[in-house]
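No value in this document is a laboratory result; all are computed from the given coordinates. Here the structure is a predicted model, which means the values were calculated and not measured. Note that each Cβ is placed from the backbone with ideal geometry, even for glycine, and that neighbours are counted across all protein chains shown.
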Amino acid sequence: MAELSTRFTSLEFAIIVTAQQTRSKKIRVLPGFRLTLGFTIFYLGLIVLIPLAAVFWKTGELTWPEFWHTIILPQALASYRLTFGASFLAALVNAVFGLIVAWVLVRYNFFGKKIVDALVDLPFALPTAVAGITLAILYSHNGWIGQLLEPLGIKAANSRLGVFVALTFIGLPFIVRTVQPVLEDLDPELEEAAASLGANRWQIFWRVIFPMISPALLTGFALAFARALGEYGSVIFIAGNAKITPMLIMDKLDQFDYAQATALAVVMLIVSFVLLLTINVLQWWTNRYNTTSLA
Amino acid sequence: MTSAATTFQLPHHVAKSRSTTESPFVRRLLIGIALVFLSLFLVVPLVFVFAQAFAKGIGFYFHTLGDPNAWSAIKLTLIAAGFSVPLNCVFGVAAAWAIAKFDFRGKNILLTLIDLPFSVSPVISGLIYVLVFGAQGWLGHYRDAEHAWFPWLQNWLNEENFKIIFAVPGIVLATIFVTFPFVARELIPLMQAQGRSEEEAARVLGASGWQTFWRVTLPNIKWGLLYGVILCNARAMGEFGAVSVVSGHIRGETNTIPLHIEALYDDLNIAGAFAMASLLAFLALVTLGIKTWVEHKNAVQGGTEGKV
């Protein structure tokens, strides 16, 4: 998110770079390139790439039909439906309320705004296990919120609704923190121009503001969705028998069924990589939007 | 905000009350919705953690924390963070130096790869180390291999019965993996925004590489570095899923604080679980406090350093 504002290379910067490039054939002014890049690649390989490769190596022990059979088992399909469905709904709810929170934080002044602003990051900072047991007890039938829901016939703990609640908590900061900087940078003159041309506030929001923040909103949505797909700690306590895919992988591991666990992990990894790629494209799109609005 | 509008001599009611801001009613409604949403999802759970932690009184609270298993969990959490934070900090600085101060091909690919651990589910983060070091993984195969590449290593591993999975090294490795990008992610955009002219000037004036780093670069990035380190630390101490896979859940031996919370919760010792949880919730509040303070410092120092 932070890189959104920093990728623009000014003319000045470009001149320095080209000047340095022509020079660097002979001497590099700054030292340590080989050392730092070498260490970066070595450490990345050791900690991330080689262990990740192990997942694909382990799946290689299964034949294609075996692999396919494992990933379309009924319990696997049920877990995909729940994981994707709850993640999507949670990200959607966060998109709506996150946008309102970001809007309120950028545009209005009210008592305690700074504390509220700081508190938005709580789901990033609060360990998932703590969030998990808290939500589970809070929404249980005699918890603070659960006992309010029970007369309405709503069962939140040990249900799919609980999964959705946990995933909403986890994804909350993503939308706010991606939309907030874009809203701050919006040029008020655009809104004033629209107003002077006779647009009302509602039209200005949908026709002027919303198109400019929609790439950021979509990026935030994708980030929250991606985070929710892999979430484990905050969900297991509240989910009960409603099993999301990471819980199913854990079950297979507890039964020492590494082949099945790995096959499910491959499915999740491929989905995550596709999402990562999508998010990168979205961020590039957001950047482009920012540069044109600045010009 | 409205200064530009007045130069156009807009009718006042259009410029101010209706079109560049919302009516007081809508404003209050939006603030209300935001506050209710945030209270329900953030404030209530946070208050609830501390309320539950002290539900059985302060004596029980300290009884839980004084338990030997709780102490061992706290120690193990400190060990895991003690390895992963400095290592990822060194990596973050090295990666940011290479990426921000030099031009090379494949930089965007490298940036994406550094972010990779963030998009991997915690459970899978643990699983990959089981597949490398577990009995059925690469290391297990290596121990049983008939023609090992390094026979002395194979002998040593078998004689010492060296364990990584279901032991402390596995927990440290899984923690390093999940906290891998934190420092690098904070420093790379910051150092890219700062450019390289200050360091180049220092070099031209005769400073050595290390002097340049310690006297020019480090003072410029210290707040970003601190921010990255506290985020990395918060995640390292709070990681649950990845550590859960590699830990083996041996009480008093391979349980970190989050795993000890789970064990207490499964024992239906709810007040005990929340007493342990309050430690991590307190850590989260300290993290948020430092974050806000660092952002304030950055704002005071001026916008030239880029946003953190």
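Quick notes
- If only the Cβ of Lys and Arg carry +1 and only the Cβ of Asp and Glu carry -1, the dipole of the protein assembly as shown around its Cα centre is close to 1340 debye.
- Across all Cα atoms of the protein assembly as shown, the radius of gyration (one decimal) and Dmax (whole number) stand at 25.7, 89 Å.
- Sorting B:277-283, B:47-53 by their mean Cβ neighbour count within 10 Å, with the most densely packed peptide first, gives B:277-283, B:47-53.
- Histogrammed with a bin width of 5 Å, the alpha carbon distances of segment A:108-195 distribute as 3, 12, 16, 16, 15, 13, 11, 6, 5, 5, 1 percent, first bin at zero.
- Computing Rg and the Kirkwood Rh from the Cα coordinates of segment B:200-240 gives a ratio, Rg/Rh, of 1.27.
- For a straight C-alpha distance cut-off of 16 angstrom, the aspartates and glutamates reachable from A:LYS252 (same-chain residues fewer than eight places away being disregarded) are A:GLU66.
- Most mobile of A:ALA86, A:ALA166, A:ALA156 in a GNM of chain A (Cα contacts under 10 Å): A:ALA156
- Each of A:TRP206, B:TRP138 was scored by other Cβ atoms within 10 Å of its Cβ. Listed from fewest to most, they are A:TRP206, B:TRP138.
- Peptide B:255-267 shows a mean partner chain C-beta count of 3 within 10 Å per residue C-beta.
- Shape call, segment B:168-308: gyration tensor on alpha carbons, a/c limit 1.5: prolate
- The calculated pair-distance distribution of segment A:64-294 uses every alpha carbon pair, bins of 5 angstrom beginning at 0, and gives 1, 7, 12, 15, 16, 14, 12, 9, 7, 5, 2, 1, 0, 0 percent.
- Residue by residue along A:172-183, Cβ atoms of other protein chains within 10 Å of the local Cβ number 1 on average.
- Rg/Rh for segment B:47-147 (Cα atoms only, Rh after Kirkwood) is 1.16.
- Normalised alpha carbon radius of gyration of chain B [divisor 2.2 N^0.38 Å]: 1.31
- Relative contact order [Cα under 8 Å, 6+ residues apart], chain A, whole percent: 28 percent
- Of the peptides A:131-138, A:95-102, A:72-79, A:115-122, the ranking by mean beta-carbon count within 10 Å, highest at the top, reads A:131-138, A:95-102, A:115-122, A:72-79.
- Ignoring aspartates and glutamates fewer than eight residues from A:LYS114 along the same chain, the ones with Cα atoms less than 16 angstrom from its Cα are A:GLU184, B:GLU295.
- Put in order of Cβ neighbour count within 10 Å, fewest first, the listed residues B:PHE62, B:PHE240, A:PHE221 become B:PHE62, A:PHE221, B:PHE240.
- Rg followed by Dmax, in Å, when segment B:101-247 is reduced to its Cα trace: 20.5, 60
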